[in-house]
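Visitor: Take this structure, written in structure tokens, and hold onto it; I'll ask about it next.
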Amino acid sequence: MEESNNKIVISIEGLTKSFGDNTILDGITLHLNKEENLVVLGKSGSGKSVLIKCIVGLLQHDTGSIKVGSHEITDISEEELIKVRKKIGFLFQGAALYDSMTVRENLTFALLRLKEKFTTDQVNEMIEEALENVGLPDSIDKMPSELSGGMKKRIGLARTLVVKPDIILYDEPTTGLDPITSDEISHLINDTRDKFKNASIIITHDINCVKTVADRIVMIKDGKVYKEGSLEEFTSEQDPYIKSFFK
Ligand SMILES: Nc1ncnc2c1ncn2[C@@H]1O[C@H](COP(=O)(O)OP(=O)(O)OP(=O)(O)O)[C@@H](O)[C@H]1O
Ligand SMILES: [Mg+2]
């Protein structure tokens, strides 16, 4: 294997996905490097959420290849797929916590899904550490209804972090938050990357978030990668379609 390939944690080639006659992804090719924040931009309905749902296997793609590490996820056994999925944390659009569970129970649930044998002390320690990392150690026995939108996003992130994923997929992490809270979440995404050395894909419409987190950007249009490059390359772009995102 070439030296440069060791840096790649997810590699997608020629990915297609249609719903009936509606082609959403029409040959997407992109990769995610180790310890990188990759922002995926595209207008509403362009298939950003569909793309990351295909990566975690919540949706089955039609053709093309998705490799996580060296595993081609379409070809591996169910057992291996479970192992691969454990490496990937997914922060859903809307950060849905279980409303009838406390913060502690929400995080415990994420840990139990790993099906590893943790003692109660280990579980508590991991939960406390994850809450510490998002700056909300005192929320442990709260119900989601007692939390603000920004706090819910943080708890959603803590629930993702508690399983120590190598890769985190963020779907609109700052949507619906005020500018200050959005900025805090964007910085938390960077702090998380710096501390845990994970790679992330961040889907967002929030240009301030893009400016804070992006190591690299991929723009999707008409089911294909329209442009890939650095933040500087995007902000200095004269193409009116690209400019419209950075207004
Ligand atoms: N399960 C599904 N069945 C049928 N169509 C779907 C399904 N999921 C998504 N779609 C369609 O795929 C298209 C892309 O949806 P997707 O949610 O990926 O958009 P998006 O880029 O994430 O948009 P937004 O920025 O608004 O979140 C939409 O037209 C949507 O209606
Ligand atoms: Mg979406």
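Visitor: Just grab the label-to-label distance for Lys87 and Lys247, each label 7 Å out from Cα along the Cβ direction, in nm (one decimal).
Guide: Placing both labels 7 Å along Cα→Cβ, they lie 4.1 nm apart.
Visitor: Under a cut-off of 22 Å between alpha-carbon atoms, report the lysines in cross-link reach of Lys247, not counting same-chain residues fewer than 8 places apart.
Guide: Lys43, Lys48, Lys211, Lys221, Lys227
Visitor: What is the set of long-range amide H partners of Val9 at a cut-off below 5 Å, with H atoms built 1.01 Å from backbone N?
Guide: Correct list: Leu32, Asn33, Lys34.
Visitor: Test of the criteria: in segment 50-104, which chymotrypsin sites (Phe, Trp or Tyr not before Pro) are in a DSSP loop and have at most 15 other Cβ atoms within 10 angstrom of their Cβ?
Guide: Tyr98
Visitor: May I pose another question? Given Cα pairs under 8 Å that are at least 6 residues apart, what percent is the relative contact order of the chain?
Guide: Computed value for the chain: 27 percent relative contact order.
Visitor: Mind listing the Cα extents of segment 7-79 along all three principal axes, in Å, largest one first?
Guide: Its Cα atoms span 34, 29, 18 Å along the three principal axes.
Visitor: Now for a different question. Could you give the radius of gyration (one decimal) and Dmax (whole number) of the Cα atoms in segment 79-133, in Å?
Guide: Calculated on Cα positions, Rg and Dmax stand at 12.3, 32 Å.
Visitor: Do any GluC sites (Glu not before Pro) in segment 46-119 lie in a loop, going by DSSP, with at most 16 other beta-carbon atoms within 10 Å of their beta carbon, and if so which?
Guide: Those satisfying the criteria are Glu116.
Visitor: Right, another one. Under the rule a/c < 1.5 gives rounded, and otherwise a/b versus b/c splits prolate from oblate, where does segment 129-209 land using the Cα gyration tensor?
Guide: It comes out oblate by the Cα gyration axes.
Visitor: May I ask you to list the lysines whose Cα is less than 20 Å away from that of Lys86, ignoring any residue fewer than eight positions away on the same chain?
Guide: Lys7, Lys34, Lys53, Lys67, Lys115, Lys117, Lys164, Lys195, Lys197
Visitor: Using only DSSP helix segments of four residues or longer, with each worth -39500 (n - 2.57), what per-residue ellipticity at 222 nm results for the chain after dividing by its residue count and rounding to 500? Provide the component values of the computation, followed by the final result.
Guide: Numbers: 9 runs with 89 residues, N = 247.
Theoretical 222 nm ellipticity from helices: -10500 deg cm²/dmol.
Visitor: Would you kindly calculate the mean projected area, averaged across all directions, of the convex hull enclosing the Cα atoms of segment 30-122, in square nanometres?
Guide: Result: 8.4 nm².
Visitor: Test of understanding: express the Cα radius of gyration of segment 66-193 as a ratio to 2.2 N^0.38 Å, with N the residue count.
Guide: Cα Rg divided by the expected 2.2 N^0.38 Å: 1.09.
Visitor: Still on this structure: In units of 2.2 N^0.38 Å, what is the alpha-carbon radius of gyration of the chain? Please list the in-between numbers first.
Guide: Numbers: Rg = 18.1 Å, N = 247, 2.2 N^0.38 = 17.9 Å.
That works out to 1.01 for the chain.
Visitor: Moving on. Just to confirm, what accessible area per residue do you get for the chain at 1.4 Å probe, in whole Å²?
Guide: On the way: 12540 Å² over 247 residues.
Result: 51 Å² per residue.
Visitor: Using a 1.4 Å probe over the heavy atoms of the protein chains, calculate the carbon and sulfur portion of the accessible area of the chain as a whole percent.
Guide: Of all accessible area on the chain, carbon and sulfur atoms account for 48 percent.
Visitor: Let me ask another. With both partners inside the chain, how many of the DSSP beta bridges are antiparallel, as a percent to the nearest 5? Walk me through the numbers before you get to the answer.
Guide: On the way: 21 of 38 bridges.
Expressed as a percentage, antiparallel bridges in the chain total about 55.
Visitor: What Rg and what Dmax come out for segment 95-164 when only alpha-carbon atoms are used, in angstroms?
Guide: My reading of the Cα-based Rg and Dmax gives 10.9, 33 Å.
Visitor: What lysines could a cross-link reach from Lys142, if we take a straight Cα to Cα line under 20 Å and drop same-chain neighbours fewer than 8 places away?
Guide: Correct list for Lys142: Lys152, Lys153.
Visitor: About its Cα centre, how strong a charge dipole does the chain have in debye, to the nearest 20, once Lys and Arg get +1 and Asp and Glu get -1 at the Cβ? Could the numbers behind the result be given before it?
Guide: Working: 31 positive and 40 negative charges, 54 e Å.
With Lys and Arg at +1 and Asp and Glu at -1, about 260 debye.
The values are calculated or read from the model by the stated rules, or taken from the named source; none is laboratory data. Remember, predicted model here, so these are calculated numbers, not experimental data. Glycine gets a Cβ as well: all are built from the backbone with ideal geometry, and neighbour counts include every protein chain shown. The area values use the complete protein model at the heavy-atom level, side chains included, leaving out ligands, DNA and RNA. Shrake-Rupley method; radii C 1.70, N 1.55, O 1.52, S 1.80 Å.
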